[in-house]
Amino acid sequence: MDALLKELPIHQRLAGVFAAIGTDAFWRGLVDTLRLLLPVDNALVVLMQRERAPLLLADFDFSGRDEGDELNDYGAGMYLLDPFHQAACAGIADGVHWLETLAPDQFRQSEYYLSYFQRVVGCEEVQFMLNHQGAVLGLSLGSHSPWSAEQCGALLCVRDWVLAAMRRHLQLQGIEAPAAEGLLAARVEHFTAGLSERESETARLILQGFSSKAIAQRLGISPETVKVHRRNLYHKLNVASHAELFALFLQQGEQDFKPL
């Protein structure tokens, strides 16, 4: 009986969530219901597709801070370093996916995480991800406080109906993937102009948060060769550290790409 009473607020909210499917109130109702299962400081609904800028469908902040500029930064190019966006572009199954399972091995030491991610999203993120018309819809939940194993397990219990509701909502609203193509290729080509192919690949992986060992494994080369590529690309780009490389990435994005 105690367990049933504990779950009663969830069941009471479900009627409102299902009634809101296909309307503008759906995402807020769904997020508010999921917040009964685990603490959430922010939520984002975004449609992601390879070689295209993400389409932001909804965003919510429960921390009392204004994140407008950060969302503009995300749409202007920061998404290129997002582990969830990378996973969506590489191909991912429908389901619930946690940051720790998708992020590179040194993601939390990357300048992207230290300067942007932990400030905007927090230390935890999970996404309900759903494939849709060649794109991936992601419902992101972020928190500045760690989640317990019990809280994460609760999301698995509601996974199936959450994904079913998301799928039906997309069908009713007729949402399509964004049409602007080639932004990723153009951004990377401009940022890595003057670098060799291997140096460009190394630069992208460094920014994403991969260690030299992980980069070597992905590219099929030795860690020593990765270090040579890192040294050469730093010299060509006139930077001396990961932080300066990240700053250059941001600077060129501000010059060449407008926010969504």
Open item on the list: Among the residues of the range 234-243, what is the count of those that are at pLDDT below 90 and of a type in the set (D, E, K, R)?
Closed with: 0
Task: Among the candidates Leu47, Leu56, residue that is surrounded by fewer than 19 Cβ atoms within 10 Å (Cβ to Cβ), of a type in the set (A, V, I, L, M) and assigned by TED's automatic domain parsing to the domain that holds Trp161 - done: Leu56
Task: Breaking point among (1) in contact (Cβ under 8 Å) with a residue 12 or more places away in the chain; (2) part of a helix (DSSP H, G or I), for Leu114 - done: (1)
Task: Only one of Glu199, Glu224, Glu254 that is part of a helix (DSSP H, G or I), charged (D, E, K, R), at pLDDT below 90 and over 24 Å from Ala135 (Cβ atoms) - done: Glu254
Open item on the list: Of the residues Ala93, Ala15, Ala3, only one is surrounded by fewer than 17 Cβ atoms within 10 Å (Cβ to Cβ) and at pLDDT 95 or above; which?
Closed with: Ala93
TODO: Check off (1) within 21 Å of the chain's Cα centre (by Cα); (2) modelled with pLDDT under 95 for Val162 and give me the number that stays unchecked.
DONE: (2)
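Of all residues in the range 227-245, which are in a helix (DSSP H, G or I), more than 23 Å from the chain's Cα centre (by Cα) and not hydroxyl-bearing (Ser, Thr, Tyr)?
Just the residues of the range 227-245 that are in a helix (DSSP H, G or I), to begin with: 227-237, 242-245.
Next cut, more than 23 Å from the chain's Cα centre (by Cα) only: 227-237.
Hits for the range 227-245 are Lys227, Val228, His229, Arg230, Arg231, Asn232, Leu233, His235, Lys236, Leu237.
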Task: Of all residues making up the range 14-62, the number that are in a loop (DSSP other than H, G, I, E, B), touching a residue at least 60 places away in the same chain (Cβ under 8 Å) and more than 17 Å from Val158 (Cβ to Cβ) - done: 7
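With Phe107, Phe84 as the choices, which residue is buried (at least 18 other Cβ atoms within 10 Å of the Cβ), within 25 Å of His169 (Cβ to Cβ) and at pLDDT 95 or above? Steps first, answer last, please.
Details: Phe107 fails: within 25 Å of His169 (Cβ to Cβ).
Of the residues listed, the single one that is buried (at least 18 other Cβ atoms within 10 Å of the Cβ), within 25 Å of His169 (Cβ to Cβ) and at pLDDT 95 or above is Phe84.
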Open item on the list: Looking at the range 224-243, I want the residues that are closer than 10 Å to Glu199 by Cβ and have a partner that is β-branched (Val, Ile, Thr) and surrounded by fewer than 19 Cβ atoms within 10 Å (Cβ to Cβ) with Cβ atoms under 9 Å, at least 6 apart or on another chain. Which pairs are those?
Closed with: His229/Ile221; Leu233/Val239
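Name the residue, out of Arg167, Arg108, that is over 19 Å from the mean Cα position of the chain (by Cα) and either under 23 Å from Ala90 (Cβ atoms) or in a loop (DSSP other than H, G, I, E, B) (or both).
On the way: Arg108 fails: over 19 Å from the mean Cα position of the chain (by Cα).
None of the other options fit; the residue is Arg167.
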Task: Search result, residues across the range 56-69 that are within 13 Å of Ser140 (Cβ to Cβ) and modelled with pLDDT under 85 - done: Glu67
Open item on the list: Need pairs with beta-carbon distance below 8 Å; first residue at positive phi and within the range 68-83, second at pLDDT 80 or above and not small (Gly, Ala, Ser); sequence gap 6+ or separate chains.
Closed with: Gly77/Phe249
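The values are calculated or read from the model by the stated rules, or taken from the named source; none is laboratory data. If you're wondering where the values come from, they're calculated on a predicted model, not measured in any experiment. Reconstructed Cβ throughout: ideal geometry from the backbone, glycine too, with neighbour counts over all protein chains shown.
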